[in-house]
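Presented below is the structure to which this report refers.
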Protein chains: 2
Amino acid sequence: MALEGLQLRSLVKKSGELEVSLAKVAVPEPGPEEIVIRVEATPINPSDLGLLFGAADMRTPRAGGTKDMPVVTASVPEAGLRAMAARLDQPMPVGNEGAGTVVKAGSSKEAQALMGKLVTLVGGAMYAEYRTAKAADVLVLPPGASAADGASCFVNPLTALGMVETMRREGHTALVHTAAASNLGQMLNKICLKDGVGLVNIVRSAEQEKILRDIGALHVVNSTLPNFTADLTKALVETGATIAFDAIGGGKLASQILSAMEAAANTKMTAYSRYGSSTHKQVYIYGALDMGPTELNRTYGFAWGVGGWLLTPFLMKIGPAEGQKLRQRVLSELKTTFASHYTKVIPLRDALRLDVIAAYNKRATGEKYLINPSL
Amino acid sequence: MALEGLQLRSLVKKSGELEVSLAKVAVPEPGPEEIVIRVEATPINPSDLGLLFGAADMRTPRAGGTKDMPVVTASVPEAGLRAMAARLDQPMPVGNEGAGTVVKAGSSKEAQALMGKLVTLVGGAMYAEYRTAKAADVLVLPPGASAADGASCFVNPLTALGMVETMRREGHTALVHTAAASNLGQMLNKICLKDGVGLVNIVRSAEQEKILRDIGALHVVNSTLPNFTADLTKALVETGATIAFDAIGGGKLASQILSAMEAAANTKMTAYSRYGSSTHKQVYIYGALDMGPTELNRTYGFAWGVGGWLLTPFLMKIGPAEGQKLRQRVLSELKTTFASHYTKVIPLRDALRLDVIAAYNKRATGEKYLINPSL
């Protein structure tokens, strides 16, 4: 019997309207090497929101459709529309990663071996009741792990491991992380504590500071306090961190970090150089919690760099063998280092409720939603 | 007989005052491996001005001292003073590079071989009547080359060659240069034309455009014209340039270049990616003609980098053997590719005249002063 299931889709129309809806789609019989997964857990990551809401102004979304088949619409400003040129008028499935039970399997031995197993997958289109995938692309969850445990196996864990790996490969020995109380930031703390790597956490509130102190973070500085620059410089001197991963993107924070790194480097300099220290200082921007421009005041000499950083190009750079090592580590520490915590579990339809959208689209640190399309 | 000679010095005082003066200094007898050069030509490069005027406000300098021993003073604003912390109250000699005749030589064979020769040197303290140097640190100018021909053998030629070399080493095939009508920019055009490397020149006036067209530049775009973005994108598509060297630093130009590179990359993309193109786009800032903040609007995905670039760390990175190859090329093309043109030749004292300072401190593209301390 052919399956049919709901799939969430995001459509940016040439007319300047975003439309997020549910579509009933047929799930074709799997090919020999394929499986069909009943999705039971798929997180709403910040990296999903960009595709989901595609530059629309989400301050005033409109609810439409029916109770069973809700539709959310919103206006896309002119500038946003230009940036979306390549996806206009194409309904896009959403959802980077997730986990669920294999309910159909193709004829090959590899596919058959997965029948009934709980597997996890990255690759998009997970905000759906069913997802067809190649057998080779999924990982079987270890015994005792639930779909919720395994839903966020890829994006956050590999991003956190990728940061530490990038730090090592580029010759640094400690790192800085911003928006540091996030799920990702907590994982990064666990990795660094376990591996003995110095980590400076930058947060924006006393509550976030407490979250991190409670899991054992050694260096936490609050960017909203008046002594932020002094606190940050002190932590940089203590750890020797010369690379930062910044989820904020806009504003002056990247520049402040580079300035503090330069001040820390200067405490070790013996002679004046008009070109600044020779210590290379690097900030990688991997998010855009602040979509405004990045302002660099360049008061840190010439040995500095700012750039974009993303998981996929990083994985391509290190190659499949090294990537596999990182994935294995995630599976073996799934319920410890890489445990994710969710604020709320919602059915697929609720992802289109305006009040729920308002909550998960806040991108509030420490809050994270999980969709269970099988509810 | 011991020599005595004038040396220009720049002093930033704790009190917040810059003082540029001439000092009469004794020139000790050269050691066995040393020589004494009578400096006959030393350029005022943009890279000299930072040390010379050390963050002082040069809109209102004051003249003092005597006709023979002039002194220039100016105020250093509070913020500038902090940046100068490491050089406060220490008189600094100035002048990166220059050429002249060897008038004394130490006892070693290497030093003796240089006696009476015209040599060129990089290493600071060239704004002086005499400069002691190690014999191994100088290059003998080729036959027919004057001190003026050989005065700028290092900073501009090696910087221009270093840009092309950095482009190659980082996997790019063509490059962009800003403030492109400068002496350095003209050299870069000659190198690229000779080596068959695509070069996009960004200038700020029709006059500068003409300077470059006249020496055969193929791609020149004027950032002050309304169709700048379209012109730049077209030139980037034609050349395939994905790396830029920016002498301006402040403002939005670096970001505009990255945006245009992304637009050029998107003309070759077949599918939408919400993370932008996978083409790595790089801007290196090597100057600060605009000392204001750099503003990055990040509308070019995540495959981008902005960073500082300087000649000395570049030469350290490639190592002495590769550096020597570049120096040999400069000497062998000294009167063609690497010919410098000077607006004016001035005696050392005139470098402290307020009207002369106003002229060379404008950092106007295409204008360049040469000091001849032996006049």
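Structure summary
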{"item": "Cβ-vector label at 7 Å, A:Glu29, separations to other copies in nm", "result": "10.2"}
{"item": "Reachable lysines from B:Lys317, criterion Cα separation under 24 angstrom, eight or more residues apart if same chain", "result": "A:Lys268, A:Lys281, A:Lys317, B:Lys134, B:Lys281, B:Lys325"}
{"item": "Relative contact order %, segment A:1-135, counting alpha carbon pairs below 8 Å whose residues are six or more apart", "result": "37"}
{"item": "Portion, in percent, of the accessible area of segment B:246-365 that falls on carbon or sulfur, probe 1.4 Å", "result": "57"}
{"item": "Ranked by how many other beta carbons lie within 10 Å on average, peptides B:206-219, A:233-246 from highest", "result": "A:233-246, B:206-219"}
{"item": "Equivalent ellipsoid dimensions for segment B:91-223 as semi-axes, Å, which come from the Cα gyration tensor, largest first", "result": "35, 16, 14"}
{"item": "Cα-Cα over 18 Å, subset of B:Lys190/B:Lys210; A:Lys24/A:Lys67; A:Lys24/A:Lys344; B:Lys194/B:Lys234", "result": "A:Lys24/A:Lys344; B:Lys194/B:Lys234"}
{"item": "Shortest-first distances to equivalent copies, position B:Lys362, nm, label 7 Å out along Cβ", "result": "5.8"}
{"item": "Distance (nanometres) between label positions extended 7 Å along Cα→Cβ at B:Glu322 and A:Asp57", "result": "5.1"}
{"item": "Spin-label pair A:Glu170/B:Glu29, simplified geometry with 7 Å Cα→Cβ offset, distance in nm", "result": "5.4"}
{"item": "Delta accessible area of at least 30 Å² on complex formation, residues of segment B:293-326, 1.4 Å probe, chain isolated as reference", "result": "B:Pro293, B:Thr294, B:Glu295, B:Leu296, B:Arg298, B:Phe302, B:Trp304, B:Val306, B:Gly308, B:Leu310"}
{"item": "Cut-off under 5 Å, modelled amide H: who pairs with A:Thr173 long-range", "result": "A:Thr242"}
{"item": "Placed amide H near A:Lys13: partners under 5 Å, 5+ positions off or other chain", "result": "A:Leu18, A:Glu19, A:Asp89"}
{"item": "Charged-residue dipole, Cβ positions (Lys, Arg, Asp, Glu), the protein assembly as shown about Cα centre, Debye nearest 20", "result": "40"}
{"item": "At R0 = 51 Å, FRET efficiency that the Cβ-Cβ distance of A:Met115 and B:Thr343 yields, to 0.05", "result": "0.05"}
{"item": "Average accessible area per residue (Å²) across chain A - probe 1.4 Å, nucleic acids and ligands excluded", "result": "42"}
{"item": "Added length on full extension, which subtracts the Cα-Cα distance from 0.36 nm per residue, A:Asp195 to A:Lys67", "result": "41.1 nm"}
{"item": "Estimated distance in nm for a label pair at B:Thr229 and A:Asn227, the labels positioned 7 Å out from Cα along Cα-to-Cβ", "result": "4.6"}
{"item": "All aspartates and glutamates inside 16 Å of A:Lys14 as judged from Cα atoms, apart from same-chain residues fewer than 8 positions distant", "result": "A:Asp57, A:Glu78, A:Asp89"}
{"item": "Extended-chain gain in nm, criterion 0.36 nm per residue less alpha-carbon gap, B:Asp137 and B:Thr312", "result": "61.5 nm"}
{"item": "Two-decimal ratio, chain A, of alpha-carbon radius of gyration to 2.2 N^0.38 Å", "result": "1.06"}
{"item": "Pairs of Cα atoms farther than 38 Å apart, the protein assembly as shown, %", "result": "48"}
{"item": "Inter-part distance where segment A:297-375 and segment B:220-245 are each reduced to a Cα centre, Å", "result": "36"}
{"item": "Those aspartates and glutamates that a straight Cα-Cα span of less than 19 Å connects to A:Lys104, excepting residues fewer than 8 apart in one chain", "result": "A:Glu4, A:Glu29, A:Glu33, A:Glu34, A:Glu40, A:Glu129, A:Asp137"}
{"item": "Sorted largest first, extent of segment A:194-345 alpha carbons per principal axis (Å)", "result": "51, 38, 33"}
{"item": "Karplus 3J(HN,Hα) series, Hz, for segment A:260-265 with 6.51 cos²θ - 1.76 cosθ + 1.60 (x for Gly, Pro)", "result": "5, 4, 5, 4, 5, 5"}
{"item": "Range of Cα positions in segment A:281-370 per principal axis (Å), largest first", "result": "51, 37, 22"}
{"item": "Centre separation in Å (Cα based) which lies between segment B:145-165 and segment B:95-125", "result": "17"}
{"item": "Rounded percent of accessible protein surface that carbon and sulfur make up, segment B:97-228, 1.4 Å probe", "result": "55"}
{"item": "Electrostatic dipole magnitude of segment A:249-301 [Cβ: Lys, Arg +1; Asp, Glu -1; Cα centre; debye, to 20]", "result": "220"}
{"item": "Hz values of 3J(HN,Hα) by residue in segment B:338-355 - Karplus curve (6.51, -1.76, 1.60), Gly and Pro given as x", "result": "9, 5, 9, 10, 10, 6, 7, 10, 10, x, 4, 4, 5, 5, 9, 7, 4, 5"}
{"item": "Sum of -39500 (n - 2.57) over DSSP H runs of 4+, divided by residues of chain B (222 nm, nearest 500)", "result": "-9000 deg cm²/dmol"}
{"item": "Residue-span extension gain [B:Lys13 to B:Val103] - 0.36 nm each, minus C-alpha spacing", "result": "28.9 nm"}
{"item": "Bridge type composition, chain B - antiparallel percent by DSSP, nearest 5", "result": "60"}
{"item": "Using θ = phi - 60° and Karplus 6.51 cos²θ - 1.76 cosθ + 1.60, couplings along segment A:159-167 (whole Hz; Gly, Pro as x)", "result": "5, 4, 5, x, 5, 5, 5, 4, 3"}
{"item": "Assigned charges on the beta-carbon of Lys, Arg, Asp, Glu; chain B dipole about Cα centre (debye)", "result": "300"}
{"item": "Between A and B, accessible area buried - total, square angstrom, nearest 100, 1.4 angstrom probe", "result": "2700"}
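The values are calculated or read from the model by the stated rules, or taken from the named source; none is laboratory data. Note that the structure is predicted; figures quoted are calculated from it, not measured. So basically every Cβ, Gly included, is an ideal-geometry build from the backbone, and we count neighbours across all protein chains shown. The protein model used for the area step is the full one, side chains on, heavy atoms only, and it has no ligands, DNA or RNA in it. Shrake-Rupley method; radii C 1.70, N 1.55, O 1.52, S 1.80 Å.
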